[in-house]
Ligand code: GAL
């Protein structure tokens, strides 16, 4: 066992330091990255000050299993992050094994998208640059010197309740990373000065947050895997009759001649893809296609790609090595054709891993790839590099895209895949929104079937408040508001409550559409300054310890706080940080800095609160946001009785042309009314908004 000296420390960007220990591996997230850090934008963040942690307190030793990295920790700090953690929020005192696994059945650290990045309430973030299944021990163990402090405790009466026996706080003075295989590691330190800015800095270092096309933030519906093109057209006809605003339709495996593994080729269910897509577009819908990365032998590029694939098959398909340019190019060449047919994005499924399925789900950790990566490294990098490969195909065509992805990793912020999962626990799904924002990730709390109508409505009311508002009907032929029960839905039985449920579904989907300009602005801010559009409350209020445990409510943009309901909650407890808040729907004023209890919330209650002093640029409702070329009418909504401010971002909504960005600064006071200052040169015919009447609470 050898202790290794720090090789070097250097400041590599504003507020970002890099420490190198020993000899790091050649394949790590930073070393193989294809997105550049946003160095200028890093300079624009608040002054970071000195390096926020004491470098002398960091060290590693090389062991027979790899290396062990020690970083400083104090028991008074809250640690959050480690990627998409569905099972827990505050990580101080916990061990996290950061393994790529789509079935996190317990709070072990297993995740679709684990990331060796964490952020502290003390206002700094740390990225350990490894593509290994590292384990992080966050203040879990104290050294022997801690015994001295315990001597007094000997004389105390034993405490024997289960809570007393089993409750453990963080007791150690370090965060320890146990990293297999590596003989050294690079560590990146991100200064704040506060928690939110430390996350922003990490996101800008990753390449800045993604900006989806405007339509991407509307409502999505994934059609049943068995549907044909005429079924899908009938489905969207139904949306129009039911006055349900959807912007994107997704097709599941059945669009291909073979899946799983994939041929990426239209099946006979969709005999004329171009005219099908153009019909969808005419009615205002974009098309998204499901796929996974494993290539069927009859795929048009199977033979060509084989030499740049892993040595073994996964799900009987070839596994492209997305660290190899040639594999990416072959994939891109084929996808370019689909994009030119009008496909607006992809759902990149099953690029994670699983150990809890009855057959081998993915490639194995011991597999070898032409790039030199082994299967473990490939799992840690696969989601990111698969996304990058697909995204480049869009950007080369001058387009933005927005889609889904089942795995992600370090440096995720610029990527356009929103994470989702087959696991279906509603509270875990809400926790996914809260936690994904710590590590530059987006999460969709998608909706499938439901236990009952209340469950369905609560899930829909949640998804409309997440990064991608998604109904995933892949195994039900009728939309779930026609029948929530999966079996009955497949039998074509429409439920009696349909008439009462439909208006409530419409109301939730319309809420999404009203919020669209607010969301688009929050994403533009994500791209510009790295600030996550969806984030834990603690990120904005780290000083307020009551926010540390809030894993069922989150901030949206700068002014909104959402606390979605879960079916069966007859009493909902939530916490509003200090200051005055407004109930979004009723306009009632609420004093914060306290817990709030909602008793017997009605089925149409969506707990959503606005910070006092905000102007929200809300959209006036039309059927959907992409149907016509007419600009969306903005109704600036004031939440104040004295003065208020707000921001609205605008561009052409879809291209990569950075020169047509407009930032509207809205201000209002009781004395002088509304004032709008606009910065930027957008051409008149490219506008997506026009301003309508002001709305007061
Ligand atoms: C799952 C995915 C589902 C659906 C299904 C299709 O892996 O999570 O959303 O796409 O595959 O087979």
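DSSP beta bridges in the chain, what fraction antiparallel, as a percent rounded to 5?
75
Which values of log₁₀ I(q)/I(0), to two decimal places, follow from the Debye formula for the chain at q = 0.08, 0.11 Å⁻¹ with a uniform point scatterer at every Cα?
Once normalised to I(0) and log-transformed, intensities are -0.61, -1.19.
Suppose the chain between residue 337 and residue 588 were pulled fully straight at 0.36 nm per residue; how much longer would it get relative to their current alpha carbon spacing?
Numbers: separation 251, 0.36 × 251 = 90.36 nm, distance 5.25 nm.
Roughly 85.1 nm would be gained on extension.
If R0 is 56 Å, what FRET efficiency do you get for residue 543 and residue 231 from their C-beta distance, rounded to 0.05?
0.55
Tell me the mean residue ellipticity at 222 nm calculated for the chain from its helices only (DSSP H runs of n ≥ 4, each -39500 (n - 2.57), averaged over every residue, nearest 500).
Estimated from H runs of four or more residues: -7000 deg cm²/dmol.
State, to one decimal in nm, how far the label point of residue 9 lies from the label point of residue 282, with both points 7 Å from Cα in the Cβ direction.
Each label point is offset 7 Å from its Cα along the Cβ direction, giving 6.6 nm.
Give me the distance between the Cα centres of region 382-433 and region 563-601, rounded to whole Å.
A separation of 31 Å, based on Cα centres.
At residue 275 and residue 163, where each label point lies 7 Å from the Cα along Cα→Cβ, what is the point-to-point distance in nanometres?
Computed distance between label sites residue 275 and residue 163 equals 6.9 nm.
Nearest 0.05, what FRET efficiency do residue 243 and residue 641 give at R0 = 30 Å with Cβ-Cβ as r?
On the way: r = 35 Å, r/R0 = 1.16.
For R0 = 30 Å, the calculated efficiency reads 0.30.
Run the numbers on the chain and let me know its relative contact order in percent, using alpha-carbon pairs under 8 Å that are six or more apart.
13
Report the calculated FRET efficiency for residue 396 and residue 95 (r = Cβ-Cβ distance, R0 = 45 Å), to the nearest 0.05.
0.55
Can you give the extra length, in nm with one decimal, that the chain gains between residue 358 and residue 51 once fully stretched, where that is 0.36 nm per residue apart less the Cα-Cα distance?
Answer, rounded to one decimal: 105.7 nm.
Spin-label point model (7 Å from Cα, Cβ direction): what's the residue 502 to residue 144 distance in nm?
7.5
Rule-based calculations on the coordinates, nothing more; no lab input. This is a predicted model, so every value here is computed, not measured. Because the Cβ atoms are built from the backbone with ideal geometry, glycine has one as well, and the counts that use them run over all protein chains shown.
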